2 protein chains.
Amino acid sequence: MSLAEALFAPRVVALVGASGDPAKNSARPLRFLRKHGYAGRIVPINASRGEVLGERAFSSLAEAPGAIDHAFIMTPGDSVERAIEECGARGVPVATIFSDGFADAGAEGAARQARLVERARALGVRVLGPNSMGLVDVPGRVALTVNAVLEMDVLPVGTTSFVSHSGTMLGAVLSRGAARGLGFAKLVSVGNEADLGTGELVELLAGDPGTRVILLFLETIRDGAKLAAAARKAHAAGKPVVAYKLGRSRLGAALARSHTGALAGEDAALDAYFRDCGIVRVDQLETLIEIAPLVAGRAPPNLARAARVAVVTTTGGGAASVVDRLGVSGIETIAPDSKSPVIDLTMKATAEQYTAALDDVLASPDCDGVLAVVGSSAQFHPQLAVEPIVRSKKNAKPLAAFLTPHAERSLALLAAREVAAFRTPESCADALSAFFAWRSPRPGSAAAPVEWPRDLPRRGRLDEAQALVLFASLGIPVAEHAIAQPPGYAHGIPYPVAAKALSAELLHKTEAAAVCLGIADRAEFDRWIRAMLERVPSARAVMVQKMELGLAEAIVGYRDDPVVGPIVLVGAGGTLAEIYKDFALRLAPVGEDEAAAMIEKVKGLAIVRGYRNLPRGDVGALAKAVAAVSRLALVPGLPVAEAEINPVIVKDKGVVAVDALVVMKEQDFSPPH
Amino acid sequence: MSLAEALFAPRVVALVGASGDPAKNSARPLRFLRKHGYAGRIVPINASRGEVLGERAFSSLAEAPGAIDHAFIMTPGDSVERAIEECGARGVPVATIFSDGFADAGAEGAARQARLVERARALGVRVLGPNSMGLVDVPGRVALTVNAVLEMDVLPVGTTSFVSHSGTMLGAVLSRGAARGLGFAKLVSVGNEADLGTGELVELLAGDPGTRVILLFLETIRDGAKLAAAARKAHAAGKPVVAYKLGRSRLGAALARSHTGALAGEDAALDAYFRDCGIVRVDQLETLIEIAPLVAGRAPPNLARAARVAVVTTTGGGAASVVDRLGVSGIETIAPDSKSPVIDLTMKATAEQYTAALDDVLASPDCDGVLAVVGSSAQFHPQLAVEPIVRSKKNAKPLAAFLTPHAERSLALLAAREVAAFRTPESCADALSAFFAWRSPRPGSAAAPVEWPRDLPRRGRLDEAQALVLFASLGIPVAEHAIAQPPGYAHGIPYPVAAKALSAELLHKTEAAAVCLGIADRAEFDRWIRAMLERVPSARAVMVQKMELGLAEAIVGYRDDPVVGPIVLVGAGGTLAEIYKDFALRLAPVGEDEAAAMIEKVKGLAIVRGYRNLPRGDVGALAKAVAAVSRLALVPGLPVAEAEINPVIVKDKGVVAVDALVVMKEQDFSPPH
């Protein structure tokens, strides 16, 4: 029996800790399995009763006769380990653990969880949870969960599957979907992901013939590489993966050492991750439920320009409430052969006119997708506009419908015909934006490994000069520089120069006033040295650089993110990237084309892209530098934790790196502050 | 009979153009009036039938016997004028015009509308519309509308009224509300607002004993001053006004002459307008329907610090989906006496525990509001958490509930007890954010009128020197300057200086390279003059200024906005305000405290507020300058269209205006480009 079978289609389920009191949570799995027509055998395990809700019960797994495919464990935290031992002894291949008090409950719980998983692995028992609410296979009639929503009488069957960090969301998705005819295939609450994680489940679903679309509700990402690989498999299998991810407002970067680290907070890195894995990211919770028909059976549009959507509506205000938001996402609204961007048939459309307008734009080469909006008629007169949508040319083009009134029957009508229909203008616009931002997974880099410069250490922090050597080795022009050593501080750089104190204790040199720009001559240099030594007694030498002036400054950074892996960032220079969060971020490495596309996204770099007739900077050279920095992801063993050039000076011809920072993963000093 | 009575409670309604075919739109008002129990008399007017749907019909208003309080006109556009004439002749006080083809149909229609309204005024007939879908008074059983949603059998009665530019939205609000027990009082589709506008309707509703909350769906604002006055009346009457406004993505500033004009696009100005009028602005459509119980009977919180919300939940993921968004809006989540910011009772709460936790935070002085989240139990086990919410300490504190599953009965249960409950995490967070951003209307300025400097013209564009005189007259320090006239271009400003060509044809001088900074001596000055004259032959003189250096640059602007009236703006200097939309905007005039609060909102000015230990700038002096510029709103007759200082140099002590632009309303030259 495969893992997928034991998990989703067990022939025999043991319910460890099943209660005989039907009002209790731990009685629910038995009630729900029966209620929803489970065809297999149910074996309640209850230490104190020989019978549970009419089912013969056993005092332990050891005593239960016959093979058991899946154990659902609900006993208190400290007895879970015993249950797993018994699973091992009985050869139960999968255990779902509802019990909490593990990694969800602080360090001690996390240690208990680690021990539990280690033991389960040794015993050959795969674990879902702990702290999992269980799973549901709707077509297979397996309702192995404690989620109260399973009290509902009918679960609509569909081909959308769902993996969730929140058990509650199983109920939200199932019940909200059921209310409007959106059905599901498999739903899994992954809990703490001690063993079976989101990535492995997505992989199982990618291979599941009953699943066409995979939805994810994510509170975090614990297995970034696995999930990325699974998303690629799902893509290869033609199964779109859509994610809703919590944590947009969290900073989570308090401990970052570089600007890059601070900027590349969890959320921005995850955005890049989802994009590069080919995962569609939605912003609104209900979009996750509603988007499935929009993506099912479709490939990523991979648009290189702004998307164009044609709008057919029976309500101007209703259409505008969606179109407004599309505009904010940069989606253009067009209407072929019409003066207005919206085909507005308010109060005068017959069904024939609506059908004709819709089929027209669905067939038009001028738009990438169609938005159909229906006003008050959607509730009581579906024949006017809802039915024309249902009858429209299927699959000619992505089609999203928004109905302004409360109209659940019309929503169900559309769902039955696999037309994506939305309850709110916001989720409708969110879905279209997410759809058109959807890209195929980036192919893995075929680039050769990058050699680490022989003279540079592979641990500790590189000093400023070493950092410049590293960036130069990647092919990035660096400012002419020299190290001026005490006591004489001699150097051969022609004036004017910039000077910076070198000290292991300074990270943000501008803050410490250890930098001086535009030193005109030797006398001024000597005066600065004296003043600087008073303020920065830890300075062990001085980096002297040729003064470089350009048209703009940029920051280019690299980070091996603990969640998503190597990333590269380009942002507006100076303090702008930080103050305005003005940067673009991708998984590393990137090629020059992708780097150029990143630069396009940085608003502050408009000043070198021809803004207000200002002189243009060498954006191509900046793209080369971004691609070069991203190649740190090709250094075997990934020794670099964070690296950045801040600033890269962008000139009319070329760029030059003037300030560099590299932090290695293996430290040999304690961090400042 | 008052206007409000004729409009909302007519004893006799004439339906002009009522159809005898029940399937037609123009049969709806008669059907709906009857269906929903209208107690008055219905008089169909139909040129070709003596009977309409069983009601005696008349061929014209002239022939209908008895007094008529309200005529609902559905005949084609060109016959509307005749109907209005007949209304006038019969003394019908109010006509609602459903017919379209007026201002909604281009310039010709707009002219027809203007003629119609002029005639109606002369005849003493008030007009709702044209292009209005009509109105509904739910408690009064007046369903005088063509909106198809009135096919519904029962309209729940409530105390929330609704004024909408979109007729369809009447249906959306009514039907969505009805599905979950949210009732309404009066609903009005204002159409083209040829006569009766949103402002006047809000004023009527402010005086309506049956209305506690006023909701607005706005596509535009046609009567800014009236609506502002009405909002103040509503506030004085203790009736919150909540607006959803379309048009966030529109630029609408293409014709602006100054940066200020370009930045103060419709939406930013409207944000300031709503705020200063005490109108709550919501972002999501469904929030408009759901927010009423949250604001009903409450006064604006007028918080001067970040709002603090306590969270009680039975689902971690469900709570996080709201809390995440609250964080983005700057709302803090706190839990008194607890380590976690959320009181999470997942899978273990009894009703007693939920009640206790809820009452605890509702009574706590540590939070400004409470968010109650309920997971899967909300659908089938309302006794667990929904009923405790219903029983919670009413009105102790703003309370918002979010239910994760489909749970319409629970939503209705909460609605019946006037607890604000939300279907999506996004609208829940939106409502809380809007609530805590809500402020009392700004009191009208009691400041004395500001005198226009005697030497300055009141029309045309002021030149640079005149503009500086104007700003100096308002009390703003301006850079020492002189006008150097041809042929000698003599001046008395000590070097180094900045020089700018003065020409009526240049607006953005930096673009035209007509500016030179840091001219070191007379020889350099002369060289620049020669070069400049070649490139700017239209230059008639040169403005010479003392070079001013400071810690940062800001833009301070004023505009008499055509929709909302005088506004003042402060933004980051240089190109930052424009590139990053980094500015704060208020209705003018503002005091120094308000100006200081505006400056706090400008991210780019962080660099003079102590960011990264950079030296602090004189933010107080900048606030004084902002308040001074805003006093242009106190010049009698408001002669100034747009005015701005860009930049104001912010120093460690004081500020100084170095570049100024003033555009008067009455032009005497044609604009450039």
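No value in this document is a laboratory result; all are computed from the given coordinates. The model shown is predicted, which means the values in this text are computed figures rather than measured ones. Please note: Cβ atoms are built from the backbone with ideal geometry, for glycine as well, and neighbour counts cover all protein chains shown.
For a label point 7 angstrom out from the Cα of A:Ala472 toward its Cβ, which stretches of region A:602-630 have the backbone nitrogen within less than 18 Å?
Residues A:625, A:628-629 qualify, since their backbone N sits under 18 Å from the label point.
I need the inter-copy label distances for B:Asp455: point set 7 Å along Cα to C-beta, values in nm with one decimal, smallest first.
6.7
If you split all Cα-Cα distances of region A:374-443 into 5 Å bins from zero, what percentages do you get per bin, shortest first?
For region A:374-443, the pair-distance distribution reads 3, 16, 26, 23, 16, 7, 4, 3, 1, 0.
For A:Leu638 and A:Asn395, FRET efficiency with R0 = 56 Å and r from the beta-carbon atoms, rounded to 0.05?
Between A:Asn395 and A:Leu638 the formula returns 0.85.
Mind ranking B:143-149, B:435-441, A:419-425, A:363-369 by how tightly packed they are, going by the mean number of other C-beta atoms within 10 angstrom, highest first?
Working: B:143-149: 27.0, B:435-441: 20.4, A:419-425: 25.4, A:363-369: 15.9.
Highest mean packing first, the order is B:143-149, A:419-425, B:435-441, A:363-369.
Pull up all non-local amide H partners of A:Val142: gap of 5 or more, or a different chain, and H-to-H distance under 5 Å with H placed in the peptide plane.
A:Asp137
Could you work out, for chain A, what percent of all Cα-Cα pairs fall into each 20 Å distance bin, beginning at 0 Å and stopping at the bin that holds the largest distance?
Bins of 20 Å from zero give 17, 39, 31, 12, 1 percent of pairs.
Summing -39500 (n - 2.57) over the DSSP H runs of n ≥ 4 in the protein assembly as shown and dividing by its residue number, what mean residue ellipticity at 222 nm do you reach, to the nearest 500 deg cm²/dmol?
That calculation yields -9000 deg cm²/dmol at 222 nm.
With charges only on Cβ, +1 for K and R and -1 for D and E, what is the dipole size of the protein assembly as shown about its Cα centre, in debye, rounded to 20?
1180 debye
Equivalent-ellipsoid semi-axes (√(5λ), Cα gyration tensor) for region B:315-455, whole Å, largest first?
Details: eigenvalues 276, 52, 44 Å².
They are 37, 16, 15 Å, listed from largest to smallest.
When averaged across all projection directions, what area in nm² does the alpha-carbon convex hull of region A:153-223 cover? Let's see the in-between values first.
Details: hull surface 18.8 nm².
Averaging across all directions leaves 4.7 nm² for the Cα convex hull.
Give, as a single signed number, the net charge of other residues whose beta carbon lies under 13 Å from the beta carbon of A:Tyr495, with Lys and Arg counted +1 and Asp and Glu -1. Each step should come with its number before you reach the end.
On the way: positive: A:Arg522, A:Lys546; negative: A:Glu480, A:Asp521, A:Glu524, A:Asp526.
Result for the local shell: -2.
Counting Lys and Arg as +1 and Asp and Glu as -1, each charge on the Cβ, what is the dipole of chain A about the Cα centre in debye, to the nearest 20? Working shown, then result.
Values: 72 positive and 73 negative charges, 163 e Å.
The calculation lands at about 780 debye.
If you take all C-alpha pairs in the protein assembly as shown, what percent of them are over 41 Å apart? Let's see the in-between values first.
Working: 510669 of 905185 pairs.
Within the protein assembly as shown, distances greater than 41 Å cover 56 percent of Cα pairs.
Under 5 Å between amide hydrogens, which residues at least 5 positions from B:Ala243 or on another chain qualify, with H placed 1.01 Å from N in the peptide plane?
Amide H to amide H, under 5 Å and 5 or more residues apart or across chains, B:Ala243 pairs with B:Leu216, B:Val280, B:Arg281, B:Val282.
Whole-Hz Karplus ³J(HN,Hα) for region A:187-194, in order, using 6.51 cos²θ - 1.76 cosθ + 1.60 and θ = phi - 60°, x for Gly and Pro?
Values per residue, Gly and Pro as x: 10, 10, 9, 8, x, 7, 6, 4 Hz.
Can you report the principal axis dimensions of region A:149-189 using only the alpha carbons, biggest first, rounded to whole angstrom?
Largest to smallest, the principal-axis extents are 24, 21, 13 Å.
Provide a whole-number value for the mean count of partner chain Cβ atoms within 10 Å of the Cβ atoms in peptide B:603-616.
Values: counts 5, 4, 1, 3, 3, 0, 0, 0, 3, 6, 5, 3, 0, 0.
Average per residue, whole number: 2.
Determine, for B:Lys500, B:Lys24, the number of other Cβ atoms within 10 Å of each Cβ, and report the residues in order from fewest to most.
Working: B:Lys500 24, B:Lys24 13.
Neighbour counts put them in this order, fewest first: B:Lys24, B:Lys500.
From the convex hull of the Cα coordinates of region A:395-496, what is the mean projected area in square nanometres?
Average of the hull's projected areas for region A:395-496 equals 15.5 nm².
Rounded to whole Hz and in sequence order, give me ³J(HN,Hα) for region A:125-141 from the Karplus expression 6.51 cos²θ - 1.76 cosθ + 1.60, θ = phi - 60°, writing x for Gly and Pro.
Each residue of region A:125-141 in turn: 9, 7, 10, 9, x, x, 6, 9, 7, x, 8, 9, 10, 5, x, x, 6 Hz.
Could you give me the ³J(HN,Hα) list for region A:166-182, computed from phi with Karplus coefficients 6.51, -1.76, 1.60 and θ = phi - 60°, whole Hz, x at Gly and Pro?
Values, residue by residue: 9, x, 4, 5, 4, x, 4, 5, 4, 6, 5, x, 4, 4, 9, x, 8 Hz.
Put a dot 7 Å past each Cα toward the Cβ at A:Met1 and B:Ser60; how far apart are the dots in nm?
8.7 nm
On average, how many beta carbons from a partner chain sit within 10 Å of the beta carbon of a residue in A:399-411? Working shown, then result.
On the way: counts 0, 0, 0, 1, 1, 11, 15, 14, 6, 3, 0, 0, 0.
Mean shielding by partner chains, rounded to a whole number: 4.
For peptide B:324-330, compute the average count of partner chain beta-carbon atoms within 10 Å of each residue's beta-carbon. Numbers along the way, then the final one.
Values: counts 8, 5, 1, 5, 2, 1, 1.
Average per residue, whole number: 3.
Projected onto the charge dipole of the protein assembly as shown (+1 at Lys/Arg Cβ, -1 at Asp/Glu Cβ, origin at the Cα centre), which of A:Ile289, B:Ala431, B:Asn147 gives the Cα projection farthest towards the positive end?
B:Asn147
Which whole-number percent is the relative contact order of chain B (Cα, under 8 Å, 6+ apart)?
Details: 1522 pairs, mean separation 61.4, N = 673.
Once divided by the residue count of chain B, the mean separation gives 9 percent.
Taking the Cβ of each residue in A:Thr168, B:Thr355 as the centre, tally the other Cβ atoms inside 10 Å and list the residues starting with the fewest. Could the numbers behind the result be given before it?
Numbers: A:Thr168 32, B:Thr355 19.
Ascending Cβ contact count within 10 Å gives the list B:Thr355, A:Thr168.
For B:Ala57, what residues show an amide H to amide H distance below 5 Å, using hydrogens built from the backbone and excluding near sequence neighbours?
B:Glu51, B:Val52
Could you tell me the ratio Rg/Rh of region A:434-562? Both radii from Cα atoms, Rh via Kirkwood. Don't skip to the end; give the middle numbers.
Details: Rg = 18.8 Å, Rh = 17.4 Å.
When Rh is taken as the Kirkwood radius, the ratio is 1.08.
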